[in-house]
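Here is the structure we will look at.
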Amino acid sequence: MSMDEMRLYIMNCGNMITPEGNVLAALNTGQLKLVIPVPVYLLAHPKQGLVLIDTGFRYEHIPDEMKMNIAWSPLLRIRTQISRQGYDPDDVKHVLLSHLHFDHAGQMMDFPKAVFHMRKSEWEDALPPSRPDYFECDYKEAHTLRFEYIPEEKDQDIFGDGSVISMATPGHSKGHSSFIVSMPNSGKFLLAMDAAHLPQYMEDTKFFADSKDPAGCIRSVEKLKKLQKECVRTIYGHDPAGFSGLKTAPDYYD
């Protein structure tokens with residue numbers, strides 16, 4: 001497929017029921033449990049080629065006791081979804097990682113030809129012993145991949161053309177990044193990633209109570225609130241209501 005125009009595809013790589021004990025379980029009711037999407041983003045860039053933002057989870061790495069809470073199909077593999085949009089998954093040139101939790105870094109090894117962009121401090125949280133959100137099997141072979149690390153605590157224009165800016169939003173994890181993606185016709189999208197799972201995170205600090213760094217989470221949310229003013233849309237990390245209102249693949253934003 002032609003790369004002459006810029007396109008942003010939003011893909012869901014599976015759905016998860018929020019487990020009891022998770023902070024999001026506060027939103028469950030007796031009749032209904034919150035089912036959250038696990039989005040990944042594919043940017044077809046006219047000069048940079050295919051750019052993937054996050055890599056979802058790898059179903060095979062998920063412990064059996066967690067699988068009962070996950071809805072997944074092989075058709076949701078990221079490589080398969082990229083192929084279904086008419087692209088060659090081996091043409092993914094760049095992978096931007098928000099952080100290394102299992103539902104964001106699970107399929108990174110499927111893109112061995114890509115350059116990976118993330119903050120190096122994220123390894124400090126990810127290497128064992130680490131919180132259960134990290135699955136070492138996702139990245140234990142990552143030494144074979146090529147990394148270009150983003151400076152700590154700084155925002156970086158990844159390609160120097162304003163199309164993708166990695167925003168430092170630590171708190172949820174040590175090296176967490178959010179992103180601003182600027183599309184020629186659709187405008188600027190703020191991808192909050194896990195700095196804010198849902199719109200409620202922007203208003204109520206209780207959702208950061210179980211975080212390793214609640215104060216960092218709150219600072220990052222304040223930063224996102226300022227950035228929202230220059231963006232046409234904020235896409236939260238795991239927001240079922242918001243996700244249902246988005247154009248999702250095979251549709252796209254240009």
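Details
- Mean residue ellipticity (222 nm) of the chain, computed from DSSP H runs ≥ 4 via -39,500 (n - 2.57), nearest 500: -4000 deg cm²/dmol
- q = 0.15 Å⁻¹, the chain: log10 I(q)/I(0) [Debye, one scatterer per Cα]: -1.08
- Taken one residue at a time, the phi angles of region 153-168 give Karplus couplings (6.51, -1.76, 1.60, θ = phi - 60°) of 6, 10, 8, 9, 7, 4, 10, x, 10, x, 6, 9, 10, 8, 9, 6 Hz. Gly and Pro are set to x.
- Estimated dipole of the chain in Debye, rounded to 20 [Cβ of Lys and Arg +1, of Asp and Glu -1, Cα centre]: 340 debye
- Cα gyration tensor shape of region 88-212, rounded if a/c is under 1.5, else prolate or oblate by comparing a/b with b/c: oblate
- For LYS140, a cut-off of 28 angstrom between C-alpha atoms picks up these lysines, skipping any fewer than 8 places away in its own chain: LYS67, LYS93, LYS113, LYS120, LYS154, LYS174, LYS212.
- 3J(HN,Hα) along region 124-140: 5, 7, 7, 6, x, x, 9, 5, x, 5, 9, 10, 4, 4, 5, 9, 5 Hz, from the Karplus curve 6.51 cos²θ - 1.76 cosθ + 1.60 with θ = phi - 60°, whole Hz, x for Gly and Pro.
Laboratory data are not the source of any read-out in this text; all were calculated from the coordinates shown. Since the structure is predicted, the reported quantities are computational estimates derived from the model, not experimental observations. Backbone-built Cβ (ideal geometry, glycine too); neighbour counts: all protein chains shown.
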